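Notes follow the structure.
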Amino acid sequence: MVSYRRNFVPGGTYFFTVTLANRSATTLVAHVDKLRWAFRDCREAHQFEILAIVVLPEHLHCVWTLPANDADYPTRWRLIKSTFTRIVGSRAPARFNGERLLWQRRFWEHTVRDEQDLQRHVDYVHFNPVKHGHVSRPADWPHSSLHWYIRQGRLPTDWAVDVGGSAPESGE
């Protein structure tokens, strides 16, 4: 079996995909307020900046930047996932060891290399609800940091409306 090696860069910026074990579940959007709480709780203990995030029914994508002396994103994901599971996951089936099957065990991570790579991943995050057929315009999806970008004047409300139905490339 090939051993996957994660890249740890103190102060790095990372793109993540985190998925529920049940790919047909709607748990994340059904309990998005509890997911926000889990993120907030983790950020109080382990600071990080969220540059972009989208929460879909059964998975989420986000881009984070960690503090300059810190590369420990696995601990952050463990805390977010375990806090959310404690709050809403009591109905999830359990493994033989009692561990709840709410989340897939691992997550996808990509170390952002430069500004162009960052922009490509932020765009990918914001376009993802369209890619998965949940909405026809990115701004119509409520669980996205795109709305913050629009409020800040960094993107127009009609961002990516004229892309001809294809998603911005993330390279993933």
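The values are calculated or read from the model by the stated rules, or taken from the named source; none is laboratory data. This is a predicted model, so every value here is computed, not measured. Here Cβ is always computed from backbone atoms with ideal geometry, including for glycine, and neighbour counts include all displayed protein chains.
See the values below:
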read-out	value
Criterion: in contact (Cβ under 8 Å) with a residue 24 or more places away in the chain and more than 28 Å from residue 140 (Cα to Cα) - qualifying residue of 56, 66	66
Matching residues in segment 1-51 - criterion: being at pLDDT below 95, loosely packed, with under 14 Cβ neighbours inside 10 Å and hydrophobic (A, V, I, L, M, F, W, C)	1, 2
Odd one out for residue 79 among (1) farther than 27 Å from residue 140 by Cα; (2) not in a helix (DSSP H, G or I)	(2)
Selection count where residues are among the hydroxyl-bearing types (Ser, Thr, Tyr), within 14 Å of the chain's Cα centre (by Cα) and in a helix (DSSP H, G or I), scope segment 105-153	1
Looking only at segment 103-133, and only at residues there that are touching a Phe, Trp or Tyr at 6+ places or on another chain (Cβ under 7 Å) and of a type in the set (Phe, Trp, Tyr), the one that is surrounded by the most Cβ atoms within 10 Å (Cβ to Cβ)	107
Segment 123-135 residues that are in contact (Cβ under 8 Å) with a residue 40 or more places away in the chain, paired with ones that are crowded, with 21+ Cβ neighbours inside 10 Å and hydroxyl-bearing (Ser, Thr, Tyr) (beta carbon under 9 Å, 6 or more apart)	125/144; 126/144; 128/144; 129/144
Matching residues in segment 38-79 - criterion: being more than 11 Å from the chain's Cα centre (by Cα) and among the aliphatic types (A, V, I, L, M)	38, 45, 66, 68, 71, 79
Residues (farther than 12 Å from residue 13 by Cβ and among the hydrophobic types (A, V, I, L, M, F, W, C)) located in segment 50-67	53, 54, 55, 56, 60
Which listed residue is surrounded by fewer than 16 Cβ atoms within 10 Å (Cβ to Cβ) and either modelled with pLDDT under 95 or not in a strand (DSSP E or B) (or both), from 67, 57	67
